[in-house]
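Just below is one structure, and these are the notes that go with it.
The values are calculated or read from the model by the stated rules, or taken from the named source; none is laboratory data. What you see is a predicted model; the values in this text were computed from it and never measured. All Cβ positions, even for glycine, are placed from backbone atoms using ideal geometry, and neighbour counts span all protein chains on display. Only protein heavy atoms, including side chains, enter the accessible area calculation; ligands, DNA and RNA are left aside. Shrake-Rupley method; radii C 1.70, N 1.55, O 1.52, S 1.80 Å.
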Amino acid sequence: QRLKAAVHYTVGCLCQEVEEDKDVQFSKQSIAAISEITFRQCEIFAKDLEMFARHAKRTTVTTEDVKLLARRSNSLLKYITQKSEELATSNMEQKEKKKKKSSAAKGERIPGEQEAAVTENADSNMA
């Protein structure tokens, strides 16, 4: 029930934005109908995603499943692909930061730092 109410609220907000942009009006019945259709379509999407994962003998839905679901809409597929690539890049950057933090906390040096330390030691030994 709460999820259905959240969908109805979001559809209402989107309809208000369209009303302002396009100078049209939506009746409460039309907003309710759009909300109901949206909710039913989301249920269908959820079932389809679950079946795609199950067909691949997985228990987790992946981005590839979502791309497969969106395959009939080129613009949606392009958008989802772009966002998944952005997320993958962001995740890799976060992992790199964590590695650097954990190695710094352990007192380890990353390869570039090791070379700099060797150079500093050699320079101080020559002096």
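Which of the residue pairs Lys28/Lys78; Lys22/Lys83; Lys4/Lys28 have a Cα-Cα distance greater than 26 Å in the structure shown? Walk me through the intermediate numbers first.
Numbers: Lys28/Lys78 33 Å; Lys22/Lys83 28 Å; Lys4/Lys28 16 Å.
Pairs exceeding the cut-off: Lys28/Lys78; Lys22/Lys83.
For the stretch 1-43, give the percent of accessible area contributed by carbon and sulfur heavy atoms, probe 1.4 Å, rounded to a whole number.
Values: 2000 of 3600 Å².
Carbon and sulfur atoms account for 56 percent of the accessible area of the stretch 1-43.
P(r) for the stretch 1-43, please, calculated from all Cα pair distances in 5 Å bins and given in %.
The distribution over the stretch 1-43 is 5, 26, 31, 22, 11, 5, 1, given as percents.
Dipole of the stretch 42-83 (Lys/Arg Cβ +1, Asp/Glu Cβ -1, origin at the Cα centre): which of Ser75, Thr62, Leu49 lies farthest to the positive side?
Comparing the listed Cα positions along the dipole, Ser75 ranks first.
Taking θ = phi - 60°, what integer Hz values does the Karplus form 6.51 cos²θ - 1.76 cosθ + 1.60 yield along the stretch 19-35, in sequence order, with x for Gly and Pro?
4, 5, 6, 9, 6, 10, 10, 10, 7, 4, 5, 5, 5, 5, 5, 4, 4
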